[in-house]
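The values are calculated or read from the model by the stated rules, or taken from the named source; none is laboratory data. It should be emphasised that the depicted structure is a prediction, and the values quoted were computed from it without experimental measurement. All Cβ positions, glycine included, derive from the backbone under ideal geometry; neighbour counts span all protein chains shown.
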Amino acid sequence: MIKMWAEKEFRNLKRINQSAVVCPEPVLVKSNILMMKFIGQDMVAAPKLKDIDISQQEWNQLYLDVLKDMRVMYQDCKLIHADYSEYNCICFTQASTIRANPSASTFRSPLSTITPPLSISSGETAIT
């Protein structure tokens, strides 16, 4: 089961890398090990979104960037990240970066719990 999860995350990251969304580049998956390119500088990992200290104006721009990334993942990659939070995003050079996608599901996946887009406007949530 863990091997399948690593393979799924590898495929999701490859799919996202082919879009405009910045995320770690998957290098190799073997058994239950997923290797990705390092994101950081001088052997210091890029900080999680929850740990950065930026101005209100930069937060506003970052918020818009994250919304754009979510839209691209949904429309172009056909993926929804089921655990998109300040703990699962990293920031590097003032651009938000998705850190991991093990919970991402395709729209047609029997495991996905995605509400159809048309019902979102009626007050329902997109991810349950």
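General remarks:
- Qualifying positions in segment 75-84 - in contact (Cβ under 8 Å) with a residue 24 or more places away in the chain and not aliphatic (A, V, I, L, M): Asp76, Cys77, Lys78
- Taken together, the residues in segment 19-47 that are in contact (Cβ under 8 Å) with a residue 24 or more places away in the chain and not in a strand (DSSP E or B) amount to 11.
- Given (1) of a type in the set (Val, Ile, Thr); (2) assigned to a helix (DSSP H, G or I); (3) more than 18 Å from the chain's Cα centre (by Cα), index of the condition Val66 fails: (3)
- Considering Asp51, Asp42, the condition of being loosely packed, with under 14 Cβ neighbours inside 10 Å and at positive phi is satisfied by Asp42 alone.
- Any hit, segment 84-93, residues being at pLDDT below 80 and surrounded by fewer than 18 Cβ atoms within 10 Å (Cβ to Cβ): yes
- Test result for Ser31, exposed (fewer than 11 other Cβ atoms within 10 Å of the Cβ), at negative phi and hydroxyl-bearing (Ser, Thr, Tyr): no
- Just so you know, in segment 12-46 the residues that are over 14 Å from His81 (Cβ atoms) and among the basic types (Lys, Arg) include one that is farthest from the chain's Cα centre (by Cα), and it is Lys30.
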